[in-house]
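Undergrad: One structure follows; several queries about it will come next.
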Amino acid sequence: MNEAQEEALEQQAYLVRFLLGHTLVPLAGRTFLRGVLPTRDAVRVVTGAADAQVEPAPVAYEIPLLDDDDEPVTAPLVLGWTRTLAGGTPPGSDAAVMGMALVRVDTDTLEPAPPSLADQALRVLHTLAWPFAEAPPSPALCGFLFTGPDSMRLYLAVEESDGLIAADVCLTGALTALLAALPSLVREKERWAPEAADPHCSHTVDLTAW
C-alpha cells in the first residue's frame with residue numbers, strides 16, 4: 001500500500017468516526033444516514049429510510065476526499081453537503097452501485113447546510129467522550145452499510161489484505177463476544193471469500209452466524 005492509499009484510508013476512517021452518530025437521527029424529513037462506503041479517492045455516503053422497505057429509496061452520494069486545493073475535506077462539510085442533498089430532490093443519475101442510485105457530487109456548486117443544534121451537541125459530546133488518539137483502532141473501520149433490520153456490513157483495513165475486508169455481522173446474538181473476536185476473525189484468511197458484487201472491498205467475511 002502506497003502513501004496516497006494510506007492517507008485515503010485514514011481520511012475515510014476519520015469521516016466514518018464523525019458520521020456514526022448521525023445514523024440515529026434524520027438528516028432531513030424521513031431520510032437517514034445508512035452507510036459510508038469507501039472507494040478510491042472518495043466516500044459514498046448512503047442515505048435512505050430507516051426501514052429499507054419504505055421511501056425514500058437509498059441513494060449513494062460520491063463525495064471526493066480532497067478539495068480543489070488538494071486539501072482533505074472536513075467531516076462537518078461532508079455532513080453539510082449530505083444534508084443539503086437529503087433535503088432536496090435527488091439529482092438524476094444513470095449510474096448505480098449495489099442496487100442503489102449513484103450520484104457523483106459536484107461540491108463546487110453545492111452549498112452545505114448549516115449545522116443543526118443536534119450536530120453541534122454531538123460534536124461536543126464526541127470530542128469530550130471520544131477524543132482523538134494517536135494510535136487509531138486496528139483494524140480501522142473505513143466504512144459501513146446497513147444491510148437489513150438486524151445486520152450490517154463493516155469495511156475494515158486489514159494489513160494482511162491488499163484491499164478492504166467486508167465483515168457481515170448480525171446486530172443480535174452474542175454481540176459483545178463478536179466485537180472482542182472481530183479483529184482476529186477478519187485476519188483469518190481461510191474465512192475470506194472473493195467478492196465481485198461489492199466494489200468497495202476485495203473479500204468478505206461472513207460472521208452472521210458466529
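The values are calculated or read from the model by the stated rules, or taken from the named source; none is laboratory data. These numbers come from a predicted model, not from an experiment. Cβ sites come from the backbone with ideal geometry, for glycine too, and all protein chains shown count toward neighbours. Side chains included, ligands, DNA and RNA excluded: accessible areas come from the protein's heavy atoms. Shrake-Rupley method; radii C 1.70, N 1.55, O 1.52, S 1.80 Å.
Undergrad: Report yes if some residue within the range 112-127 is closer than 23 Å to residue 37 by Cβ and in contact with a strand residue (DSSP E or B) (Cβ under 9 Å, 6 or more places away or on another chain); otherwise report no.
TA: yes
Undergrad: Does at least one position in the range 120-143 carry a residue that is touching a residue at least 40 places away in the same chain (Cβ under 8 Å), open to solvent by 20 Å² or more (accessible area, probe 1.4 Å) and touching a Ser or Thr at 6+ places or on another chain (Cβ under 8 Å)?
TA: no
Undergrad: Select from the range 10-52 the residues that are touching a residue at least 60 places away in the same chain (Cβ under 8 Å) and of a type in the set (Asp, Glu) and write down the one among them that is surrounded by the fewest Cβ atoms within 10 Å (Cβ to Cβ).
TA: Out of the qualifying residues, it is 51.
Undergrad: Give 62, 3, 71, 55 a once-over and let me know the one that is at pLDDT 85 or above, of a type in the set (Asp, Glu) and open to solvent by 40 Å² or more (accessible area, probe 1.4 Å). Let's see the steps before the verdict.
TA: Values: 62 fails: open to solvent by 40 Å² or more (accessible area, probe 1.4 Å); 3 fails: at pLDDT 85 or above; 55 fails: at pLDDT 85 or above.
After applying the criteria, what remains is 71.
Undergrad: Among what's in the range 82-131 and is in a loop (DSSP other than H, G, I, E, B) and of a type in the set (D, E, K, R), pick the residue that is farthest from residue 17 (Cα to Cα). Give the steps one after another, and end with the answer.
TA: Taking the range 82-131 first, the residues in a loop (DSSP other than H, G, I, E, B) are 87-94, 98-99, 105-106, 110-116, 130-131.
Filter once more, so that each one left must be of a type in the set (D, E, K, R): 94, 106, 111.
Details: 94: 30, 106: 24, 111: 23 Å.
Selected residue: 94.
Undergrad: Shifting gears a bit: If residue 161 satisfies every condition in (1) over 25 Å from residue 29 (Cβ atoms); (2) hydroxyl-bearing (Ser, Thr, Tyr); (3) buried (at least 16 other Cβ atoms within 10 Å of the Cβ); (4) within 17 Å of the chain's Cα centre (by Cα) but one, which is the exception?
TA: (4)
Undergrad: Condition (residue is open to solvent by 50 Å² or more (accessible area, probe 1.4 Å) and under 26 Å from residue 201 (Cβ atoms)) applied to the range 80-89: is it met by at least one residue?
TA: Pass one, the range 80-89, residues open to solvent by 50 Å² or more (accessible area, probe 1.4 Å): 87, 89.
Okay, now just the ones that are also under 26 Å from residue 201 (Cβ atoms), so none.
The answer is no, given that none of the residues of the range 80-89 is open to solvent by 50 Å² or more (accessible area, probe 1.4 Å) and under 26 Å from residue 201 (Cβ atoms).
Undergrad: Could you tell me whether any residue of the range 167-182 is open to solvent by less than 20 Å² (accessible area, probe 1.4 Å), under 25 Å from residue 98 (Cα atoms) and assigned to a loop (DSSP other than H, G, I, E, B)?
TA: So far as the range 167-182 goes, no, none of its residues is open to solvent by less than 20 Å² (accessible area, probe 1.4 Å), under 25 Å from residue 98 (Cα atoms) and assigned to a loop (DSSP other than H, G, I, E, B).
Undergrad: Mind checking whether some residue in the range 7-14 is under 12 Å from the mean Cα position of the chain (by Cα), under 21 Å from residue 153 (Cα atoms), of a type in the set (A, V, I, L, M) and not in a strand (DSSP E or B)?
TA: Kept after step one, since they are under 12 Å from the mean Cα position of the chain (by Cα), are these residues of the range 7-14: 9, 11-14.
Now restrict to residues that are under 21 Å from residue 153 (Cα atoms): 9, 11-14.
In the following step, the residues that additionally are of a type in the set (A, V, I, L, M) were identified as 9, 13.
The next check asks that each one be not in a strand (DSSP E or B); those that pass are 9, 13.
The answer is yes; a qualifying residue exists.
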